[in-house]
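To start, the structure under review is shown below, and the notes come after it.
Readers should treat all values here as calculations from the given coordinates under stated rules, not as data from a laboratory. Because the structure is a prediction, the values reported are computed rather than measured. In this analysis, Cβ positions are derived from the backbone assuming ideal geometry, glycine residues included, and neighbour counts consider all displayed protein chains.
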Amino acid sequence: MTDAPFELPAELAIDTDVARRVIAEFIRSQLRQAGFEQTVVGLSGGIDSALVAYLVAEAIGADRLHAVLLPYRASSPASRADAETVVSALGCSSELVEITAMVDGYYGTDGAPGALRSETEPASPLRRGNFAARMRMAVLYDRSVVRSGLVVGTGNKTETLIGYTTLFGDSACAFNPIGDLYKSQVRQLAVAVGVPDAIVRKAPSADLWPGQTDEAEGGFDYPTLDRLLFWRIDKRRSDDEMVALGFEPAMIARVDRMVAGAEFKRQMPPIAKLGPRTTGVDYLYPRRRPGSARG
């Protein structure tokens with residue numbers, strides 16, 4: 001490459017060799033603890049899912065990875081082509097499941113009503129996009145039963161913190177290898193593991209509608225947002241310290257609101273406590289291998 005495929009803020013640079021070793025052992029340990037051998041990954045053609053597929057193949061072998069391509073009629077053909085490139089490069093098993101009938105069967109299309117007959121106005125692209133994300137996850141969990149595998153998450157730290165994720169959609173998974181990597185770090189690690197350059201370089205998109213990109217929809221660029229989150233969340237810098245680092249007060253306040261507003265997406269649903277030991281409150285155990293003794 002003659003030029004850098006992305007901008008990497010200096011403070012976000014990671015040791016990719018260490019990251020790969022830690023993530024590989026994490027993947028293996030999660031499978032051991034759950035008692036599974038196989039994995040299922042929803043492959044969109046984007047950098048996050050591509051990186052996860054490469055990391056899983058590196059950790060346990062491509063023969064234990066099953067990729068599922070889940071396009072909707074509005075999805076970009078280029079995204080499918082990029083996903084197929086990853087499958088071909090890794091040599092893993094894969095299948096294509098079109099979710100168009102599932103989504104349109106609910107909302108309707110081209111004037112024909114769907115199962116949702118109570119609304120006369122067409123659903124917004126955002127509603128359809130969120131529903132599509134949940135349909136994709138429904139398919140992945142069904143395929144996980146057929147494959148006897150665990151669904152591997154593909155969401156990054158940036159998306160999780162600001163809430164740019166669909167609850168019970170793309171945020172659902174058995175475990176997530178890249179959930180502590182900011183988008184900029186995802187890009188750095190993707191280059192290190194050999195994700196195709198075209199995927200690394202293309203504008204990040206949830207592919208919810210034609211021409212949609214994360215940065216245009218959110219009104220931010222990932223390097224700036226990642227830096228802000230790093231100093232605010234990881235380093236716990238105050239408002240004054242953030243301004244001294246060069247961030248605009250309005251941007252700081254906006255991101256703070258996004259992070260706070262998405263807290264409900266990052267936690268299990270609260271349970272009203274009635275008994276002496278309540279799951280998630282005072283009955284707390286780490287995940288262990290099925291059948292292991294409880295301390």
Review point. To the nearest Å, what is the center-to-center distance of region 99-126 and region 212-273, using C-alpha atoms only?
Key: 34
**Study point:** Cβ-Cβ FRET estimate between Phe168 and Ala192, R0 fixed at 25 Å, reported to 0.05
**Key:** 0.20
Review point. Between region 150-178 and region 28-82, what's the alpha-carbon centroid distance in Å?
Key: 13
Check your understanding: Counting each DSSP H run of 4 or more residues in the chain as -39500 (n - 2.57), what helix-only mean residue ellipticity at 222 nm follows after dividing by all residues, to the nearest 500 deg cm²/dmol?
Key -> -13500 deg cm²/dmol
Check your understanding: Given R₀ = 25 Å, FRET efficiency for Ala10-Ser88 by Cβ-Cβ distance, to 0.05?
Key -> 0.10
Practice item. State, in angstrom, two size descriptors of region 10-215 derived from its alpha carbons: Rg to one decimal place and Dmax to the nearest whole number. Key: 17.0, 54
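Looking at region 1-74, which trypsin sites (Lys or Arg not before Pro) are in a loop (DSSP not H, G, I, E or B) and have at most 13 other Cβ atoms within 10 Å?
Working: sites: Arg20, Arg21, Arg28, Arg32, Arg64, Arg73; in loops: Arg73.
Within region 1-74, the qualifying trypsin sites (Lys or Arg not before Pro) (loop, at most 13 other Cβ atoms within 10 Å) are Arg73.
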Study note, to complete from the structure: Taking r as the C-beta separation of Glu215 and Leu284 and R0 as 45 Å, the FRET efficiency to the nearest 0.05 is 0.75
Review point. Lysines near Lys183 by alpha-carbon distance under 27 Å, same-chain residues fewer than 8 away left out - which ones?
Key: Lys157, Lys202, Lys235, Lys265
Check your understanding: Taking H as built 1.01 Å from N, whose amide H comes closer than 5 Å to the amide H of Gln38, not counting residues under 5 places away?
Key -> Leu150
Check your understanding: Whole-Hz Karplus ³J(HN,Hα) for region 160-170, in order, using 6.51 cos²θ - 1.76 cosθ + 1.60 and θ = phi - 60°, x for Gly and Pro?
Key -> 5, 5, 8, x, 7, 7, 9, 4, 6, x, 5
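Write down the percent of antiparallel bridges among all DSSP beta bridges whose residues are both part of the chain, to the nearest 5. Before the final figure, lay out each step's value.
Numbers: 1 of 14 bridges.
Taking every DSSP beta bridge with both residues in the chain, the antiparallel ones total about 5 percent.
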Check your understanding: Tell me, what ³J(HN,Hα) does each residue in region 238-244 have, in order and in whole Hz, if you take phi through Karplus 6.51 cos²θ - 1.76 cosθ + 1.60 with θ = phi - 60° and put x for Gly and Pro?
Key -> 6, 4, 4, 5, 5, 4, 5
